[in-house]
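*Asks:* After the structure tokens below, expect a handful of questions from me.
The values are calculated or read from the model by the stated rules, or taken from the named source; none is laboratory data. Owing to the predicted nature of the structure, the values given are computational and were not obtained by experimental measurement. For neighbour counting, all protein chains shown are included, and Cβ atoms are generated from backbone atoms with ideal geometry for every residue, glycine included. SASA here: full protein model, heavy atoms, side chains in, ligands and nucleic acids out. Shrake-Rupley method; radii C 1.70, N 1.55, O 1.52, S 1.80 Å.
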Amino acid sequence: MSARMRTRHFAQAKAEGRKISCLTSYDALTAAIFDEAGIDLLLVGDSAANVVLGQASTLSITTDEMLSMSRAVAGAVERAFVVADLPFGTYEEGPAQALATAVRFMKETGVHGVKLEGGVEVADTIRTLVDAGIPVVGHIGFTPQSEHTLGGYVVQGRGGAAEKLRADARAVAEAGAFAVVLEMIPADVAAQVTAELDIVTIGIGAGNATDGQVLVWTDAFGLGRGKTPSFVRRYADLGSVLLDAARAYKADVEDASFPAESESF
Ligand code: KIV
């Protein structure tokens with residue numbers, strides 16, 4: 001296993017033109033597998049609200065829920081850099097509230113950094129966390145915690161809005177974040193932002209010119225049963241594998257072929 005990923009390795013990757021792989025993870029089982037696969041960054045996303053807890057939006061997830069998932073993921077990896085999302089309502093009051101929340105994640109879970117949503121308006125907050133020694137990932141473009149203001153899952157940064165997006169990206173970088181997620185923005189705008197910034201850009205629905213890519217793992221590997229966004233590529237159909245396995249188990253239990261003698265004491 002190679003050395004643990006550090007923020008400098010992300011900067012080096014960008015400088016050398018090496019793409020960065022990121023996935024979400026919410027538990028120790030997947031974290032260990034994704035780490036073994038060499039995924040560079042694991043995000044304990046607040047998408048856990050949808051994926052793990054079955055909620056309609058990310059807004060309802062609590063700090064305690066995110067803390068326990070973050071602890072599971074951070075404890076399971078040897079190499080990957082683990083970042084936890086700060087939940088909605090735990091940082092918007094300003095730098096002091098954000099610092100108190102971020103410190104809990106760093107002290108209580110073992111994650112290596114935190115992510116928060118927003119651009120110019122959270123620059124002071126990012127600066128405060130960075131000054132306290134906490135690596136920060138920004139998140140601009142479509143920001144799910146603001147889905148009701150943004151009018152649902154809609155592409156951001158089109159036309160005249162590209163200028164605001166570029167200003168947000170600059171503010172996040174100047175505040176000291178080491179990376180920024182660009183979600184659901186036109187590929188040409190993402191390419192421009194990536195070229196303009198010294199820090200790493202991680203795209204999701206932002207084309208292939210960003211420095212790295214992130215996907216919600218259940219979308220990418222087919223565990224969710226619902227519709228997946230058009231920007232997702234499906235690498236597996238784990239939902240069908242599990243369904244077949246559960247049906248086979250049920251059949252074996254019902255016809256008493258499980259457990260066999262070799263599976264009994
Ligand atoms: O919560 C999450 O999974 C995220 C990714 C979509 C970037 O923020």
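*Asks:* Which numbered condition in (1) under 19 Å from the mean Cα position of the chain (by Cα); (2) over 28 Å from Ala31 (Cα atoms); (3) among the acidic types (Asp, Glu) is the only one that Asp252 fails?
*Replies:* So Asp252 meets the others, but not (1).
*Asks:* Test Val44 against the criterion of being over 20 Å from Val136 (Cα atoms), touching a residue at least 24 places away in the same chain (Cβ under 8 Å), within 12 Å of the ligand (Cβ to nearest atom) and of a type in the set (A, V, I, L, M), and give yes or no.
*Replies:* Here the answer is no, as Val44 does not meet what is asked.
*Asks:* I'd like the full set of residues that are assigned to a loop (DSSP other than H, G, I, E, B) and within 14 Å of the ligand (Cβ to nearest atom), limited to the range 57-89.
*Replies:* Ser57, Thr58, Leu59, Ser60, Ile61, Leu86, Pro87, Phe88
*Asks:* Which of the residues spanning the range 49-63 are touching a residue at least 24 places away in the same chain (Cβ under 8 Å) and either on the phi > 0 side of the Ramachandran plot or open to solvent by less than 40 Å² (accessible area, probe 1.4 Å) (or both)?
*Replies:* Answer for the range 49-63, where residues must be touching a residue at least 24 places away in the same chain (Cβ under 8 Å) and either on the phi > 0 side of the Ramachandran plot or open to solvent by less than 40 Å² (accessible area, probe 1.4 Å) (or both): Ser57, Thr58, Ile61, Thr63.
*Asks:* Another question, then. So which residues in the range 190-204 are open to solvent by less than 10 Å² (accessible area, probe 1.4 Å) and not polar (S, T, N, Q), if there are any at all?
*Replies:* Residues satisfying the conditions are Ala190, Val193, Val200, Ile202, Gly203.
*Asks:* For residues in the range 205-256 being under 23 Å from Ala190 (Cβ atoms) and not in a loop (DSSP other than H, G, I, E, B), which is most open to solvent (accessible area, probe 1.4 Å)?
*Replies:* Selected residue: Gln213.
*Asks:* Go over the candidates Val114, Val137 one by one and state the one that is closer than 16 Å to Ile202 by Cα, part of a strand (DSSP E or B) and without any contact (Cβ under 8 Å) to a residue 40 or more places away in the chain.
*Replies:* Val114
*Asks:* Further question: Just to be sure I understand the filter: pairs with C-beta atoms under 6 Å, separated by 6 or more residues or on different chains, first member in the range 171-187 and touching a residue at least 40 places away in the same chain (Cβ under 8 Å), second member open to solvent by 30 Å² or more (accessible area, probe 1.4 Å) and of a type in the set (A, V, I, L, M). Which pairs pass?
*Replies:* Within 6 Å, the pairs are Ala171/Val120; Gly176/Val130; Met184/Val155.
*Asks:* Looking at the range 138-181, which of its residues are within 11 Å of Gly119 (Cβ to Cβ), of a type in the set (A, V, I, L, M, F, W, C) and touching a helix residue (DSSP H, G or I) at 6+ places or on another chain (Cβ under 7 Å)?
*Replies:* Ile140, Leu165, Ala167, Ala169, Ala171, Val172, Ala175, Ala177, Val180
*Asks:* Looking at Ala177, Ala167, Ala171, Ala190, which is the one that is of a type outside the set (Ser, Thr, Tyr), closer than 18 Å to Val137 by Cα, assigned to a helix (DSSP H, G or I) and within 16 Å of the ligand (Cβ to nearest atom)?
*Replies:* None of the others qualify; the one that does is Ala190.
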